Amino acid sequence: MTALNFRIVQHAQPSTSGQTTEERLSERIAYQERELSRLRQAALRDPVTGGANMRCLAMAYDWVEDGDPVSMLFIDVDGFRKVNDAVGRDCGDAVLSAIHTEIERCLRWDDVAAREGSDRFVALLPLAIEQDAYAVGERLRQAVERMVFQSTQGRFRLTVRVGCATREGREPLNDLLSRADQAARGGARSGGNVVVAS
């Protein structure tokens with residue numbers, strides 16, 4: 001049987017020497033409010049890209065009015081797993097972060113991009129009809145295609161396939177995501193580096 005070695009570590013607390021009870025309490029509340037704010041931000045951020053996560057995207061979807069058009073882009077990085085295996089996880093994470101930054105650069109000011117997992121991203125486009133979503137998807141596809149990545153093994157490029165779907169009626173988020181994902185999967189069958197509308 002193996003013994004477990006561990007110790008309890010506490011967060012550094014503000015110094016309380018020479019303070020009144022009211023001052024200590026005020027400092028303690030301020031500290032807890034900062035920690036709560038930090039945790040709230042962490043709950044809405046992807047740990048790899050630093051951008052929004054799917055929880056944040058779902059919140060943004062809930063803010064869109066029922067009658068307003070909204071579109072979704074599902075973005076898959078073509079061939080990323082092979083590249084990640086060749087260059088290593090740290091370099092792969094840096095590539096994903098760079099692609100996420102490029103996705104955000106291509107979006108409109110009120111759009112939200114999130115990493116769905118691994119090499120997959122999702123973009124929510126409020127007030128975008130299908131033609132708008134396709135145009136944004138094409139702009140994004142071209143931007144990623146122009147990117148050049150550098151690793152210890154040399155330079156390489158990646159492409160993306162983008163699936164577009166526009167909300168029909170009061171369609172739930174998961175249904176809209178599923179249609180955009182299916183469109184992106186259809187792009188894989190045609191070789192990738194393509195934008196496909198559902």
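The values are calculated or read from the model by the stated rules, or taken from the named source; none is laboratory data. Source: prediction; values computed, not measured. Here the Cβ positions follow ideal geometry from the backbone for every residue, glycine too, while neighbour counts run over all protein chains shown.
Close contacts from region 184-195, counting a first residue that is outside any loop (DSSP other than H, G, I, E, B) and a second that is among the hydroxyl-bearing types (Ser, Thr, Tyr), with Cβ to Cβ under 7 Å and a gap of 6+ residues or different chains, come to Val195/Tyr134.
Per-residue answers, yes or no, for (1) farther than 30 Å from Ala94 by Cβ; (2) over 32 Å from the mean Cα position of the chain (by Cα); (3) part of a helix (DSSP H, G or I); (4) modelled with pLDDT of 55 or more:
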{"residue": "Asn5", "(1), (2), (3), (4)": "yes, yes, no, no"}
{"residue": "Thr16", "(1), (2), (3), (4)": "yes, yes, no, yes"}
{"residue": "Glu23", "(1), (2), (3), (4)": "yes, yes, yes, yes"}
{"residue": "Arg28", "(1), (2), (3), (4)": "yes, yes, yes, yes"}
{"residue": "Tyr31", "(1), (2), (3), (4)": "yes, no, yes, yes"}
{"residue": "Glu35", "(1), (2), (3), (4)": "no, no, yes, yes"}
{"residue": "Gln41", "(1), (2), (3), (4)": "no, no, yes, yes"}
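Pairs needed: first member in region 80-104, hydroxyl-bearing (Ser, Thr, Tyr); second member anywhere, outside any helix (DSSP H, G or I); C-beta distance under 6 Å; at least 6 residues apart or different chains. From residues that are hydroxyl-bearing (Ser, Thr, Tyr), the pairs are Ser97/Thr49.
Checked against (1) surrounded by fewer than 20 Cβ atoms within 10 Å (Cβ to Cβ); (2) closer than 19 Å to Glu65 by Cα; (3) among the aliphatic types (A, V, I, L, M); (4) touching a Phe, Trp or Tyr at 6+ places or on another chain (Cβ under 9 Å), Val148 passes all but condition (2).
On the basis of being surrounded by 21 or more Cβ atoms within 10 Å (Cβ to Cβ) and either modelled with pLDDT under 95 or of a type outside the set (S, T, N, Q) (or both), does Ala114 make the cut? Can you show your working first?
On the way: surrounded by 21 or more Cβ atoms within 10 Å (Cβ to Cβ): yes; either modelled with pLDDT under 95 or of a type outside the set (S, T, N, Q) (or both): yes.
For Ala114, the condition - surrounded by 21 or more Cβ atoms within 10 Å (Cβ to Cβ) and either modelled with pLDDT under 95 or of a type outside the set (S, T, N, Q) (or both) - is met.
Right, Asp119: acidic (Asp, Glu), more than 16 Å from Ala52 (Cβ to Cβ) and surrounded by fewer than 17 Cβ atoms within 10 Å (Cβ to Cβ) or not? Walk me through it before giving the result.
Values: acidic (Asp, Glu): yes; more than 16 Å from Ala52 (Cβ to Cβ): yes; surrounded by fewer than 17 Cβ atoms within 10 Å (Cβ to Cβ): no.
So Asp119 does not fit the description; no.
Among the residues of region 24-83, the ones that are surrounded by 15 or more Cβ atoms within 10 Å (Cβ to Cβ), of a type in the set (Val, Ile, Thr) and over 22 Å from Ser178 (Cβ atoms) come to 3 in all.
For region 164-187, taking the residues that are among the basic types (Lys, Arg) and under 18 Å from Val64 (Cβ atoms), the one that is farthest from the chain's Cα centre (by Cα) is identified as Arg170.
Just checking, does region 59-69 include any residue being small (Gly, Ala, Ser) and outside any loop (DSSP other than H, G, I, E, B)? Before you say what the answer is, go through the steps one by one.
Going through region 59-69, the residues small (Gly, Ala, Ser) turn out to be 60, 67.
With the extra rule that they be outside any loop (DSSP other than H, G, I, E, B), the set shrinks to 60.
Within region 59-69, one or more residues are small (Gly, Ala, Ser) and outside any loop (DSSP other than H, G, I, E, B).
Taking the condition touching a residue at least 40 places away in the same chain (Cβ under 8 Å) and over 25 Å from Gly187 (Cα atoms), does Gly50 pass? Judged against the criteria, Gly50 is a match. The conditions of being modelled with pLDDT of 95 or more and under 16 Å from Phe80 (Cβ atoms) are met by Leu96.
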